[in-house]
Amino acid sequence: MIALVPLLILVGFGIIALVLDLFLLRWWAKLSGYAGLIAASISLFFLFSKRGKFLNGLLVFDAKGIYASLLILVFTFLVFLIADGYDLKVGIVEGELYILFLFAAAGAVVMVTTSHLLVIFVGMEVLSVASYALAGLRKDELSREASVKYAILGVFSSVFFVFGMALYYGETGNLFISPEAVANPSPLMTAAALFLFAGLMFKASLVPFHIWTPDVYQGSPSPVAGFFSIVTKIAAFLAFLRISGFLVNPAVRWFLIGSIILTVIYGNFVALRQKDIKRLMAYSSISHAGYMAMALLLGEKGGWALLFYLSVYGFMNLGSFSVISSLVENNSLDDYKGLSKAAPSLAAGMAFFMISLAGFPPTGGFLAKFFLFSEVGAGGYWWLVVIAILASLLSVYYYLRVVVYMYMKGRVEKPIFAYFPSSLLAMFASILFILELGIFPRTLIYFLRIFI
Amino acid sequence: MRELFWLIPLFPAFGAAFLILFGRVISRKLVSWLAPSLVGLSFLFSLLSYIQLNGVWVKELFSWIKVGNLSIPFALQFDPLSSIMAVTVSGVSFLIHIYSIGYMANDWGYNRYFAYLNLFTFSMLLLVLSANLPLMFIGWEGVGLCSYLLIGFWFEKDAAADAGKKAFIVNRIGDFGFLLGIFLLFTLFGNLSFNYINSHVSAVSPGIATAAALLLFVGATGKSAQLPLYIWLPDAMEGPTPVSALIHAATMVTAGVYMVSRLFPLYQHSGFALELVAWVGIITAIFAATIALAQNDIKRVLAYSTISQIGYMFAGVGVGAVAAGMFHLFTHAFFKSLLFLCAGAVIHGVGTNDMRKMGGLRKAMPVTFWTFLIAALTISGIPGFSAFFSKDEILKEAYLSGHKWIWAIGVITAGLTAFYIFRLIFMTFYGEYRGEGHPHEAPKVMLIPMSILALFSIIGGWFPKSFAHYLSPLGYIKVIEASHSLEIYLLGASLILAIIGIYIAWLVYVKRKGKGWNFGFVYRVIYGKYYVDELYNFLFVTPYRKGSELINRYFDKGVIDRTVEGSGEAALGGGNLLSKLQTGLLKDYGLWMATGIIIGLFLAIRSLL
């Protein structure tokens, strides 16, 4: 039962918020959301000493599950900070934004703390349904379009996943992921693996299941896009890690490798031409998903590099989205012209995140890429690393282009932006963590390598 | 002091940092107190450490670089060799800081000047006190940087900016060799501390030791202005005169000699490298001395004289007499910085560098005249003055070690030295005043350091025991005793030539007033400095520039730029093409995902067949 505590806290505070919101106590509803995240994070610390399987093995609170859950909660907290202030500015007056974030986070936590396919699916659906609603929260054409597209394609991918589960059940007679079962290269298992992978590749935005990403990011409210870019990815990659045993099957492995190659090339190339910052971030997130998926090829051994990358990536991406939110949906790159004069702190923050995303030292973005690439290279995939590095060279162009727009292009009228105090707090916190992880990564790496 | 000597370089480091950060806002008065007194503290600490020194002190402050099997501690070493350098550097630097208060009083860059000067003192002290080669290299590059900054101190003057650039580029050539030498030593020994290398030289073959020693010596010829890389030093005289005295006479340019002495066992093991050091030194000595004969710029005469005297030091170290070389380095620091400070006082008084516009200054500037005369007598090797002992020591050791030719060239150079320095004295202080305006004596703040240096120029050589005795704890310095009669003959030879030199100078420039002596072609060649600068221009600079232009035009613009721009355009085009795939239509998106799973299934089926 103890394993349910974090989930119960999240859902419980979500329901309290729902009730409060019903009585138009919007501020209290938001507070309940913050409280839920903090309380659930604290409960994770207590759970850490009681690691193991719970509820007949349906929930697995191991070190990587707990660490990933913590990441999910921390990043959701950052998303809260980013959304706080932004929401009223764009006319989202109901408190349901925070309630949906809480439920989505609960779904993500379920996904990362189980090794049972049905439970993964339940978590994924909780996360997805909340996400579809989140994408459509802004009341305009683009947002609604994003919501519908995400929902229809999301259901499509869920069908793949369910079909994969059915095939898996047909072969093994249960839905627990066991090492012996996934290593079985029978035709039925291969097909099962492909369908399960397809479902998760959709969530992680890997080519060719990435196709929803740019439209949905562009249409969703900026904090929500930030949430999709990291929390959904953490959940998907952790679930991926649990079924990475399938990769001993060459057909499945080559399916993933082919997808990785297409992803890093496609993501980076198309990002070069984007004029909309959120589409640019979408393609950037596709490329990063490609890099991270390389760690899956190593199975459990790549886990620490993947988690380190996710930790840094979350701060870089949410940091950028804190700035993007501050420009209240003026998302064309042209809107960033002259930002360095009008809002020096926002411009400097954005420049820092872009540099980190491009992977320059001494930012965490550099170390994350370095550890991931060297680990994958040491695992025998040097040629794949070479492709990824060549493709990532292109990314320098589009990341620095944002900096060029902010610093080197002036314009007559003033850029439109607003300083949201909590969003600025999120920005500075992200900068701090990126520098911390970039300069003193030792503690985290020590932790990850010991426990994962 | 054993636990505190590592503070010696830190005082000026603090001063430099403070002046660079706050130099714009603090008053000149504060700078005038702060900068010299910090260097004074360094001097005090050096002196106290020197007095208490026994054996070799090594202090490891922290582990600086640790990568793989390369481990370099930030370690300083205080031993007989580095103690002499530390005392000399901090002492001379202290006096020159004080002199600069007067000399730079009216300069708009006063605070910047002292920031650089402090930074230089720090780098130089780091260079001499470092216990390993990489740390020495930091100091080595640091003094090079300060030299560049101070030569080009009056950067609004084209000549100064060009001279700074020239010094920097020529030194880079040398430093490249130095760096390669460090790399080679690391692969040979796996440890770059001086003590380790010196005690393990026998482990490598003499051939490879020669290679390493010569690479390091390339660096030394650059920094210490020896053939063939001496050409930057005369131009370096564009900097302020106290800088010329400190950096380009007393301290930095002797770094090469110090380095060779520091790694003497390596050079000794090689044999050939040591011989080459001796010959490069002595040929530079006579070569530069002849150029000095015909120069009319007072500072250029001294610059060539510096090159020549450092040549002596290398010759001394090269014939195996480290102690004699270091002894001459020690005395030279005093008399040569004195010569420069006197020249500075003269320039300060008459407002020109050109000796043809001076003359008869004896009456207007009596203190300067007397101190200048003391320095001139010292450099000429007149008995009783300090350089007499040190130069004699070098020549004696050269003779005793069987290098008779080196001895002979050295004696002739001594004659030339006496001639050019007294030519300078006679042209400046005797005869009629040939310039305009009213020459006047320098202020006290300049005269006091000059007088102190004059005192040291005289007594600097009066050591009760030989230098070799003091250096012997290092383990590789041997003390040779010569018979007294031989010593007197050797002494006599150089003394006679020196007196002849002075006499000819008197004859030409006082008695005949510089008229009626024309050597024609020879004079023109010497006056044109053997046209070495022109030769280098023809051989290296012009072809390099032409080649660069060609490469720029054809290779850089044609090949590289086109490749870069082309690949950039190709990437953008690719992006354009791929982004067409994003149609925005839901049915197309569904098709993408279906295609993906179909390809997957195709792969699965293929693997079954």
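Only one of the numbered conditions (1) in contact with a strand residue (DSSP E or B) (Cβ under 7 Å, 6 or more places away or on another chain); (2) open to solvent by less than 10 Å² (accessible area, probe 1.4 Å); (3) small (Gly, Ala, Ser) is violated by B:Ser63, and that is (2). Of the residues in segment B:196-210, at least one is without any contact (Cβ under 8 Å) to a residue 60 or more places away in the chain, of a type in the set (Gly, Ala, Ser) and not in a helix (DSSP H, G or I). The single residue among A:Val155, A:Val148 that is within 16 Å of A:Ala198 (Cβ to Cβ), within 14 Å of chain B (Cβ to nearest Cβ) and open to solvent by 40 Å² or more (accessible area, probe 1.4 Å) turns out to be A:Val155. Number of residues in segment B:398-434 that are surrounded by 21 or more Cβ atoms within 10 Å (Cβ to Cβ), farther than 15 Å from B:Asn296 by Cα and among the aromatic types (Phe, Trp, Tyr) equals 2.
Can you pull out the residues in segment B:594-605 that are in contact with a helix residue (DSSP H, G or I) (Cβ under 9 Å, 6 or more places away or on another chain) and either more than 7 Å from chain A (Cβ to nearest Cβ) or open to solvent by 30 Å² or more (accessible area, probe 1.4 Å) (or both)? Scanning segment B:594-605 gives B:Ala594, B:Ile599, B:Leu601, B:Leu603, B:Ile605. Assessment of segment A:218-228 against the conditions (within 14 Å of another protein chain (Cβ to nearest Cβ) and surrounded by fewer than 24 Cβ atoms within 10 Å (Cβ to Cβ)) yields at least one matching residue.
Being modelled with pLDDT under 80, open to solvent by less than 20 Å² (accessible area, probe 1.4 Å) and not hydroxyl-bearing (Ser, Thr, Tyr) is a property that B:Gly461 has. Restricting A:Phe420, A:Phe428 to those that are in contact with a helix residue (DSSP H, G or I) (Cβ under 7 Å, 6 or more places away or on another chain) and either closer than 26 Å to A:Leu333 by Cα or free of Cβ contacts under 8 Å to residues at least 60 places away in the same chain (or both) reduces the list to A:Phe420. Return yes or no: is A:Leu100 in a helix (DSSP H, G or I) and surrounded by fewer than 19 Cβ atoms within 10 Å (Cβ to Cβ)? No. In summary, B:Gly501 fulfils each of the numbered conditions (1) within 14 Å of chain A (Cβ to nearest Cβ); (2) in contact with a Leu (Cβ under 8 Å, 6 or more places away or on another chain) with the single exception of condition (1). In this structure, is A:Gly136 at negative phi, more than 13 Å from chain B (Cβ to nearest Cβ) and in contact with a Lys or Arg (Cβ under 7 Å, 6 or more places away or on another chain)? Judged against the criteria, A:Gly136 is a match.
When we screen B:Val564, B:Val559, B:Val532, B:Val541 for residues that are touching a residue at least 24 places away in the same chain (Cβ under 8 Å) and either assigned to a helix (DSSP H, G or I) or touching a strand residue (DSSP E or B) at 6+ places or on another chain (Cβ under 6 Å) (or both), the only hit is B:Val532.
Tell me the residue from B:Gly415, B:Gly402, B:Gly384 that is in contact (Cβ under 8 Å) with a residue 12 or more places away in the chain and not in a helix (DSSP H, G or I), please.
Within the list B:Gly415, B:Gly402, B:Gly384, the selection yields B:Gly384.
Among the residues of segment B:98-125, those that are of a type in the set (Phe, Trp, Tyr) and in a helix (DSSP H, G or I) comprise B:Tyr99, B:Tyr103, B:Tyr110, B:Tyr113, B:Phe114, B:Tyr116, B:Phe120, B:Phe122. Is it true that A:Phe209 is more than 21 Å from A:Met316 (Cα to Cα), within 14 Å of chain B (Cβ to nearest Cβ) and out of contact with any strand residue (DSSP E or B) (no Cβ under 8 Å at 6 or more places or on another chain)? Spelling it out, A:Phe209 is indeed more than 21 Å from A:Met316 (Cα to Cα), within 14 Å of chain B (Cβ to nearest Cβ) and out of contact with any strand residue (DSSP E or B) (no Cβ under 8 Å at 6 or more places or on another chain). Evaluated against (1) at pLDDT below 95; (2) within 24 Å of the chain's Cα centre (by Cα); (3) not in a loop (DSSP other than H, G, I, E, B), A:Ile92 falls short on exactly one condition, (3). Of all residues in segment A:376-392, those that are surrounded by fewer than 19 Cβ atoms within 10 Å (Cβ to Cβ) have Cβ atoms under 6 Å from Cβ atoms of residues that are outside any helix (DSSP H, G or I), 6 or more apart or on another chain, in A:Gly379/A:Leu298. Restricting attention to segment A:243-256 and to residues that are closer than 13 Å to A:Glu180 by Cα and within 22 Å of the chain's Cα centre (by Cα), the residue that is farthest from the other protein chains (Cβ to nearest Cβ) turns out to be A:Ser244.
For segment A:176-192, the candidate set comprises residues that are in contact (Cβ under 8 Å) with a residue 24 or more places away in the chain and out of contact with any Gly (no Cβ under 7 Å at 6 or more places or on another chain); within that set, the residue that is farthest from the other protein chains (Cβ to nearest Cβ) is A:Ile177. Within the set B:Leu585, B:Leu591, the sole residue that is surrounded by 14 or more Cβ atoms within 10 Å (Cβ to Cβ), more than 8 Å from chain A (Cβ to nearest Cβ) and hydrophobic (A, V, I, L, M, F, W, C) turns out to be B:Leu591. Checked against the criterion of being more than 23 Å from A:Phe121 (Cα to Cα), open to solvent by 10 Å² or more (accessible area, probe 1.4 Å) and away from every other protein chain (no Cβ under 12 Å), segment A:260-282 contains one or more residues that satisfy it.
For segment B:94-125, filtered to residues that are among the aliphatic types (A, V, I, L, M) and open to solvent by 10 Å² or more (accessible area, probe 1.4 Å), the residue that is modelled with the lowest pLDDT is B:Ala105. Considering (1) touching a helix residue (DSSP H, G or I) at 6+ places or on another chain (Cβ under 8 Å); (2) surrounded by fewer than 19 Cβ atoms within 10 Å (Cβ to Cβ); (3) farther than 28 Å from A:Trp304 by Cα, say which one A:Leu25 fails and leave the rest. Going through (1) touching a helix residue (DSSP H, G or I) at 6+ places or on another chain (Cβ under 8 Å); (2) surrounded by fewer than 19 Cβ atoms within 10 Å (Cβ to Cβ); (3) farther than 28 Å from A:Trp304 by Cα one by one, A:Leu25 breaks only (1).
Taking the criterion of being within 14 Å of another protein chain (Cβ to nearest Cβ) and of a type in the set (Gly, Ala, Ser), the residues of segment B:543-582 that qualify are B:Ser567, B:Gly568, B:Ala570, B:Ala571, B:Gly573, B:Gly574, B:Gly575, B:Ser579. For segment A:72-97, enumerate the residues that are acidic (Asp, Glu) and open to solvent by 20 Å² or more (accessible area, probe 1.4 Å). Across segment A:72-97, the qualifying residues are A:Asp84, A:Glu94, A:Glu96. So is A:Lys64 within 23 Å of A:Ser115 (Cα to Cα), at pLDDT below 95, open to solvent by 10 Å² or more (accessible area, probe 1.4 Å) and in a helix (DSSP H, G or I) or not? In short, yes.
In segment A:398-429, of all residues being part of a helix (DSSP H, G or I) and in contact with a Phe, Trp or Tyr (Cβ under 7 Å, 6 or more places away or on another chain), the one that is nearest to A:Arg279 (Cα to Cα) corresponds to A:Val402.
The values are calculated or read from the model by the stated rules, or taken from the named source; none is laboratory data. All values derive from a computational prediction rather than experimental measurement. As a convention, Cβ positions derive from the backbone with ideal geometry for all residues, glycine included, and neighbour counts pool all protein chains shown. Accessible surface areas use protein heavy atoms only, side chains included; no ligands, DNA or RNA. Shrake-Rupley method; radii C 1.70, N 1.55, O 1.52, S 1.80 Å.
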